[in-house]
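The values are calculated or read from the model by the stated rules, or taken from the named source; none is laboratory data. Remember, it's a predicted structure, so these values are computed and weren't measured experimentally. Here the Cβ positions follow ideal geometry from the backbone for every residue, glycine too, while neighbour counts run over all protein chains shown. Side chains are part of the model used for accessible areas, which takes the heavy atoms of the whole protein and leaves out ligands, DNA and RNA. Shrake-Rupley method; radii C 1.70, N 1.55, O 1.52, S 1.80 Å.
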2 protein chains.
Amino acid sequence: MKAAIITIGDEILIGQIVDTNSAWIAQKLTLAGFEVEEMQSIGDDAQQIKVTIEEVFSRVDVILMTGGLGPTKDDITKKTLCDYFGTTMIFDDSVLENIQNVISSFTTLNELTRNQAYVPKDCTVIQNRVGTAPITWFDYIGKVLVSMPGVPHEMRYVMENEIIPRLQAKYDPDAYLKRVFIVKGYTESALAMYIADFEDNLPEGFGLAYLPSPGLMKLRLFVRGEHRLEELNEQVKKLQDILGSAILAEKDITVEKLLGERLFEKGLSLGTAESCTGGNIAHTITSIPGSSRYFKGSVISYANEEKVNILHVSQDSLDRFGAVSEAVAVEMAKGAQEILNVDCSIATTGIAGPDGGTEEKPVGTVWVCTTYKDRCVARKYQLGRFREANIVRATNIGMLQLLEMLE
Amino acid sequence: MKAAIITIGDEILIGQIVDTNSAWIAQKLTLAGFEVEEMQSIGDDAQQIKVTIEEVFSRVDVILMTGGLGPTKDDITKKTLCDYFGTTMIFDDSVLENIQNVISSFTTLNELTRNQAYVPKDCTVIQNRVGTAPITWFDYIGKVLVSMPGVPHEMRYVMENEIIPRLQAKYDPDAYLKRVFIVKGYTESALAMYIADFEDNLPEGFGLAYLPSPGLMKLRLFVRGEHRLEELNEQVKKLQDILGSAILAEKDITVEKLLGERLFEKGLSLGTAESCTGGNIAHTITSIPGSSRYFKGSVISYANEEKVNILHVSQDSLDRFGAVSEAVAVEMAKGAQEILNVDCSIATTGIAGPDGGTEEKPVGTVWVCTTYKDRCVARKYQLGRFREANIVRATNIGMLQLLEMLE
């Protein structure tokens with residue numbers, strides 16, 4: 001069953017925002033058994049919207065569309081869909097009621113927001129429980145077009161709770177069977193060479209995809225069709241035999257979630273002491289709901305003064321070895337363990353870039369120290385030249401290093 | 001002068017990666033005076049690539065394409081372009097020489113990499129100074145198609161140094177004039193109603209776009225053509241008169257960057273004490289290169305114990321008012337100011353969700369306290385139901401609240 005994604009908005013075409021909706025929707029559609037054929041981003045332009053729908057409908061069964069549903073006059077998607085499907089706009093009291101529920105806690109209704117309750121007559125209206133723009137679903141010559149708001153959390157909520165279940169009920173696409181493995185210790189090409197035989201001998205229809213992310217690799221083994229489950233299980237067994245303990249987990253899970261699960265199972269508490277990651281480890285860990293069951297807190301010691309005053313790093317170590325050193329990383333991690341009163345800690349100190357590098361300690365040099373009760377591991381990593389990437393990589397590395405200690 | 005961006009890769013269509021190239025290219029093209037009409041992402045499929053080029057060339061003058069130029073057999077863009085433009089592949093010694101220069105510092109040539117030196121005969125080859133895949137530029141009935149690698153830093157390097165200058169030399173497009181305003185204190189619909197008259201009376205060719213983000217709004221006023229600069233300035237003056245102090249800044253800048261600039265100008269230091277934002281304020285602020293000039297550190301006090309032990313919040317306040325209260329927010333902010341020894345602080349305490357809400361303090365309740373020397377402001381905000389969105393909104397609100405105090 002073929003699908004396409006169309007995102008609408010002039011702000012995308014001038015590069016003011018990165019379209020993250022398309023990738024998110026594509027992932028969900030793929031898992032639900034649909035094949036995403038193409039993604040298009042186009043402007044808030046009626047003619048262009050109509051031409052694009054026409055072209056794309058000639059190739060796919062399902063079009064999911066986001067954007068252009070705001071209350072201001074540059075938002076024209078709803079009106080344009082009305083024209084395209086030859087229907088008219090009517091006022092819908094149930095939409096108005098939903099809008100009033102949504103906004104009641106923080107503002108009152110004004111005229112522009114009230115106008116959001118106008119919807120095309122011949123379509124299925126799906127209420128937006130987390131925003132004011134209603135979702136419209138058009139059935140058309142056996143095909144479907146759904147128009148959703150471009151605000152990511154609104155789109156995500158309605159996709160998960162309404163659109164995906166309805167699409168699956170309507171089309172019953174071949175199940176997309178997959179297993180995800182989190183593999184540590186390999187670069188993409190090294191892993192590909194190591195499992196080349198396995199990959200070459202996969203049965204017809206099977207696929208293996210590599211998703212490298214900073215510090216680790218996700219492997220996705222997939223095939224379409226419920227009847228192939230047994231074959232999939234056979235291949236999984238083979239892969240397990242080949243990779244052994246390099247498999248860190250057998251589910252599609254983030255490192256932060258995996259770490260959280262392990263800590264919670266073992267009844268352990270965690271804290272961090274962060275310099276170069278600047279709070280990103282704490283932020284990443286606390287992005288998981290329920291993380292307060294194991295995460296107690298952090299000290300972000302961006303300045304040396306804070307390393308000494310709060311974490312009790314010795315001035316002597318700072319003077320002798322510098323802030324980016326094994327000694328300081330260890331003292332930070334142990335200091336965090338003590339003052340946060342936690343079982344485990346992760347400490348980072350390094351040069352995120354773009355400035356601050358030296359011959360001896362170039363940009364990308366990072367020391368990571370992890371502690372688990374009275375054990376302590378400190379390692380030096382040489383990351384890259386890009387600040388943003390270095391912060392994310394050091395974050396993942398810190399969590400992985402602790403995970404390893406917990407195994 | 002109309003342009004389109006086509007990104008190629010199966011990994012985009014299954015949502016495995018977010019296509020960030022398109023937005024980056026769109027930004028550069030727009031500033032260089034081109035109008036980006038559309039962006040498409042398609043698979044590594046020869047037929048689909050050809051059909052898409054054909055369709056898109058019927059609408060635009062310039063196609064910029066990324067992806068599908070790797071050395072392995074799933075990368076078919078170069079061969080497909082050869083077919084599409086009716087030419088053949090030849091071996092290019094200058095490309096080989098460039099490849100050898102690029103890889104010499106870290107590896108030796110193998111056969112797959114050597115094959116990168118095959119290029120279409122009838123095209124302009126542009127050397128890739130930072131990677132092994134050459135860039136190919138096709139002139140075709142007055143139009144241009146450029147194929148670049150999908151690796152972001154390779155694409156960016158060649159775009160800035162080669163492609164944009166050549167495109168400008170060839171087409172000499174009208175400049176894109178724009179002004180961006182960061183506006184605080186309005187929802188999108190409230191702002192639209194407030195400036196409706198201004199918007200209705202904009203001169204022909206002018207546009208006004210709204211980009212809402214958590215806690216603030218970006219307004220972009222734009223027009224094409226260097227000769228319209230004076231008119232633009234007139235409209236800017238009008239908008240300034242209407243919005244007055246609601247304009248937080250007149251540039252396209254993030255809140256964290258703006259806050260950093262103000263702190264640095266005034267020689268002030270900053271620290272944070274974060275509970276519900278879990279380190280995201282520190283992370284957001286330290287994502288800016290050079291933030292160590294004003295940011296000293298944070299205490300992430302996720303557990304009450306850390307609020308008391310490290311930030312010196314009184315147990316009495318916690319008992320009497322609860323962790324999510326004005327008293328605790330104020331004590332956290334003042335505690336941070338003291339123990340981090342900073343001029344300014346931002347403190348957050350709230351219920352990010354999805355659990356933990358009560359009748360009296362539902363999910364989304366957040367207290368934000370900001371201090372600037374001996375001044376202190378604490379405000380309660382009622383945010384939404386979604387953890388991720390609440391963390392981002394509370395982060396922006398905290399930075400905005402401090403910015404307001406600094407004005």
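Quick notes on this one:
- Single unsatisfied condition, A:Ser105 versus (1) away from chain B (no Cβ under 14 Å); (2) in a loop (DSSP other than H, G, I, E, B); (3) in contact with a strand residue (DSSP E or B) (Cβ under 7 Å, 6 or more places away or on another chain): (1)
- Scan of segment B:35-79 for residues that are open to solvent by less than 10 Å² (accessible area, probe 1.4 Å), β-branched (Val, Ile, Thr) and within 25 Å of the chain's Cα centre (by Cα), ordered by number: B:Ile42, B:Val62, B:Ile63, B:Thr66
- Comparison of B:Thr7, B:Thr87 shows that the only residue that is open to solvent by less than 10 Å² (accessible area, probe 1.4 Å), modelled with pLDDT of 95 or more and of a type outside the set (Gly, Ala, Ser) is B:Thr7.
- All conditions but one from (1) surrounded by fewer than 24 Cβ atoms within 10 Å (Cβ to Cβ); (2) more than 11 Å from every other protein chain (Cβ to nearest Cβ) apply to A:Ala329; the one that does not is (1).
- Those residues of segment B:332-367 which are touching a residue at least 24 places away in the same chain (Cβ under 8 Å), surrounded by fewer than 23 Cβ atoms within 10 Å (Cβ to Cβ) and at positive phi, in sequence order: B:Asn341, B:Gly353
- Enumeration of residues in segment B:349-407 that are in contact with a Leu (Cβ under 6 Å, 6 or more places away or on another chain), hydrophobic (A, V, I, L, M, F, W, C) and away from chain A (no Cβ under 14 Å): B:Leu403
- Which listed residue, of B:Gln240, B:Gln235, is of a type outside the set (A, V, I, L, M, F, W, C), out of contact with any His (no Cβ under 9 Å at 6 or more places or on another chain) and without any contact (Cβ under 8 Å) to a residue 24 or more places away in the chain: B:Gln240
- One residue stands out among those in segment B:195-233 that are part of a helix (DSSP H, G or I) and touching a Pro at 6+ places or on another chain (Cβ under 9 Å): the one that is least open to solvent (accessible area, probe 1.4 Å), which is B:Arg228.
- B:Leu248 vs. criteria more than 10 Å from every other protein chain (Cβ to nearest Cβ), in contact with an Asp or Glu (Cβ under 9 Å, 6 or more places away or on another chain) and part of a strand (DSSP E or B): yes
Conditions tested, residue by residue: (1) in the same structural domain as B:Arg59 (by the TED database); (2) modelled with pLDDT under 95; (3) open to solvent by less than 80 Å² (accessible area, probe 1.4 Å); (4) in contact with a Leu (Cβ under 8 Å, 6 or more places away or on another chain).
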| position | (1), (2), (3), (4) |
| --- | --- |
| B:Asp92 | yes, no, yes, no |
| B:Ser105 | yes, yes, no, no |
| B:Val130 | yes, yes, yes, no |
| B:Pro152 | yes, yes, yes, no |
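- A:Glu160 meets the stated requirement of being in a helix (DSSP H, G or I), open to solvent by 60 Å² or more (accessible area, probe 1.4 Å) and at pLDDT 90 or above.
- Lone qualifier among A:Gly131, A:Gly86 - being under 30 Å from the mean Cα position of the chain (by Cα) and of a type outside the set (S, T, N, Q): A:Gly131
- Residue match in segment A:115-124 (condition: touching a Ser or Thr at 6+ places or on another chain (Cβ under 6 Å) and open to solvent by 60 Å² or more (accessible area, probe 1.4 Å)): yes
- Pairing each residue of segment B:195-223 that is free of Cβ contacts under 8 Å to residues at least 12 places away in the same chain and among the hydrophobic types (A, V, I, L, M, F, W, C) with any residue that is in a strand (DSSP E or B) and open to solvent by less than 20 Å² (accessible area, probe 1.4 Å), provided the two are 6+ apart or on different chains, yields C-beta distances under 8 Å for B:Leu211/B:Met217; B:Leu211/B:Leu219; B:Leu211/B:Arg220.
- Comparison of A:Ala249, A:Ala209 shows that the only residue that is within 20 Å of B:Gly15 (Cβ to Cβ) and small (Gly, Ala, Ser) is A:Ala209.
Conditions tested, residue by residue: (1) in contact (Cβ under 8 Å) with a residue 24 or more places away in the chain; (2) at the interface with chain B (Cβ under 7 Å from one of its Cβ atoms).
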site: A:Met1; (1), (2): yes, no
site: A:Ile5; (1), (2): yes, no
site: A:Ile14; (1), (2): no, yes
site: A:Val36; (1), (2): yes, yes
site: A:Asp44; (1), (2): yes, no
site: A:Ser58; (1), (2): no, no
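- Only one of the numbered conditions (1) under 18 Å from B:Asn21 (Cβ atoms); (2) away from chain A (no Cβ under 13 Å); (3) under 24 Å from the mean Cα position of the chain (by Cα); (4) among the aliphatic types (A, V, I, L, M) is violated by B:Val151, and that is (2).
- Filtered by the rule that a residue be closer than 26 Å to B:His227 by Cβ and either at pLDDT below 90 or open to solvent by 70 Å² or more (accessible area, probe 1.4 Å) (or both), segment B:174-194 gives B:Asp174, B:Ala175, B:Tyr176, B:Lys178, B:Arg179.
- Residue satisfying all of: in segment A:72-94; among the acidic types (Asp, Glu) and away from chain B (no Cβ under 14 Å); nearest to A:Ile6 (Cα to Cα) among these: A:Asp83
- Among the criteria (1) touching a Ser or Thr at 6+ places or on another chain (Cβ under 7 Å); (2) small (Gly, Ala, Ser); (3) at pLDDT 95 or above, the one A:Ala26 does not fulfil is (1).
- Subset of segment B:24-34 [within 8 Å of chain A (Cβ to nearest Cβ) and open to solvent by 10 Å² or more (accessible area, probe 1.4 Å)]: B:Trp24, B:Gln27, B:Lys28
- For segment A:285-305, the candidate set comprises residues that are open to solvent by less than 20 Å² (accessible area, probe 1.4 Å) and assigned to a helix (DSSP H, G or I); within that set, the residue that is nearest to the other protein chains (Cβ to nearest Cβ) is A:Thr286.
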